[in-house]
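Input: a single structure, listed below in C-alpha cells.
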Amino acid sequence: MNKVNLLLTALLMPLSLALSGCSEPLPRNKAVYMLVDVSGSYVKELDKAQKLTGYLLTQLDSGDSITLSTIDSKSFTQKNTIGQITFDDRPSLVNQQKLQMQHLMEDFTKRRTHGSAYTDISGGVLQAAQFLHNTPAGEKYLILFSDLAEDLPHDHTRNLSIKLDGINVVAVNVTKLSTDNLNPQDYIARIDGWQNLVESGGGHWRLVNDWTQADQMLMKN
C-alpha cells in the first residue's frame, strides 16, 4: 500500500467509526409520565383521567414504564406520585402490573373529591422532565392532563426554563375556563404560552383535545 493510500485509510477510519456509532438503533421502549391536574374545579375531570390511564396502559408493553402523578399546589415533589412501574419482561406478569396501575388510579379517583387551592403546573413539569431525562427509554412522553391555567402560591417562584429535549409533551383535555367565554384569546394565549415553553426547552408539543385522536398520543413527532 503506497503512502497516499495509507494516509487516506488513516483519515477515513475515524469517520467510519463515527458513522458506525451513529447507526446504533435507539431503545424501542417507552417511558410515559402522566401529570393529572387536581386543582380547583378541574378535579371533576378525574373520571376522564382514569379512562385515559386505561387507554395508555393498552399502548404499553414489556420494558415500557408509566408514572402517574398529580398537579396541585406544590407539584415539584415525588410525594405527588400516584403510581410508578416498569413492565416486566415476562408477558405473563405485564397484565397483572397493568391491572395494578389501573386500580391505583381508580382508588385515587374515588378518594380525591376536592381540588387543591393552587395549580403548580411548572413544578410538575420540572419533576417529570428530571425523571424522564434519567430514563434510558428510546421514546419519552409527558402527558399533561390539565386546563393549563397555572395559579401559584405567592411564595413560589417558577421563572425558569425547563430542559425538555427529547421529550414529547402532549396536552390533553385542555378545557375552557368560564372567563374564556368572555375573551377567547385568553384560551389561545394559554395554550401558546405552554407550547412556547416546551419548544424553547427543546421538547416536542402536541395538543390532543379530540378524544377520537387518542391513538396519536404516543406517537413521536
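The values are calculated or read from the model by the stated rules, or taken from the named source; none is laboratory data. It should be emphasised that the depicted structure is a prediction, and the values quoted were computed from it without experimental measurement. Virtual Cβ from ideal backbone geometry, glycine too; neighbours counted across all protein chains shown.
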- Go through (1) under 18 Å from the mean Cα position of the chain (by Cα); (2) under 28 Å from residue 138 (Cβ atoms); (3) of a type outside the set (S, T, N, Q) and name the single condition residue 104 misses. (1)
- Item | Top-ranked residue of segment 147-187 - restricted to ones that are part of a loop (DSSP other than H, G, I, E, B) and touching a strand residue (DSSP E or B) at 6+ places or on another chain (Cβ under 7 Å), ranked as nearest to residue 130 (Cα to Cα) | 166
- Unmet requirement for residue 208, which otherwise passes all of (1) of a type in the set (A, V, I, L, M); (2) touching a helix residue (DSSP H, G or I) at 6+ places or on another chain (Cβ under 8 Å); (3) under 19 Å from residue 65 (Cα atoms): (3)
- Residue pairs within 8 Å by beta carbon, gap of at least six or interchain, first lying in segment 206-221 and free of Cβ contacts under 8 Å to residues at least 12 places away in the same chain, second among the acidic types (Asp, Glu), listed first then second, are none
- On the given criteria, is residue 138 over 15 Å from residue 35 (Cβ atoms) and either touching a residue at least 60 places away in the same chain (Cβ under 8 Å) or among the charged types (D, E, K, R) (or both)? yes
- Counting only residues that are in contact with a helix residue (DSSP H, G or I) (Cβ under 6 Å, 6 or more places away or on another chain) and closer than 28 Å to residue 162 by Cα, which one in segment 102-131 is surrounded by the fewest Cβ atoms within 10 Å (Cβ to Cβ)? 115
- Which condition number does residue 210 fail, the rest of (1) among the charged types (D, E, K, R); (2) exposed (fewer than 11 other Cβ atoms within 10 Å of the Cβ); (3) at pLDDT 95 or above being met? (3)
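Looking at this structure, is residue 85 within 23 Å of residue 27 (Cα to Cα) and either aromatic (Phe, Trp, Tyr) or out of contact with any helix residue (DSSP H, G or I) (no Cβ under 6 Å at 6 or more places or on another chain) (or both)?
On the way: within 23 Å of residue 27 (Cα to Cα): yes; either aromatic (Phe, Trp, Tyr) or out of contact with any helix residue (DSSP H, G or I) (no Cβ under 6 Å at 6 or more places or on another chain) (or both): no.
In short, no.
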- Lone unmet requirement of (1) of a type in the set (Ser, Thr, Tyr); (2) touching a residue at least 24 places away in the same chain (Cβ under 8 Å); (3) within 16 Å of residue 37 (Cβ to Cβ) for residue 200: (3)
- Would a scan of segment 56-71 turn up a residue that is surrounded by 14 or more Cβ atoms within 10 Å (Cβ to Cβ), over 20 Å from residue 170 (Cβ atoms) and at pLDDT 95 or above? yes
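Counting only residues that are basic (Lys, Arg) and not in a loop (DSSP other than H, G, I, E, B), which one in segment 188-221 is farthest from residue 58 (Cα to Cα)? First the steps, then the outcome.
First, the residues of segment 188-221 that are basic (Lys, Arg): 190, 206, 220.
From what's left, not in a loop (DSSP other than H, G, I, E, B): 190, 206.
Details: 190: 31, 206: 20 Å.
By that ranking, first place goes to 190.
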- Task: Output the residues belonging to segment 144-183 that are touching a residue at least 40 places away in the same chain (Cβ under 8 Å) and either acidic (Asp, Glu) or exposed (fewer than 14 other Cβ atoms within 10 Å of the Cβ) (or both).
- Result: 147, 151, 153, 161
- Task: Answer yes if at least one residue in segment 16-32 is touching a helix residue (DSSP H, G or I) at 6+ places or on another chain (Cβ under 7 Å), within 24 Å of residue 220 (Cβ to Cβ) and modelled with pLDDT of 80 or more, and no otherwise.
- Result: yes
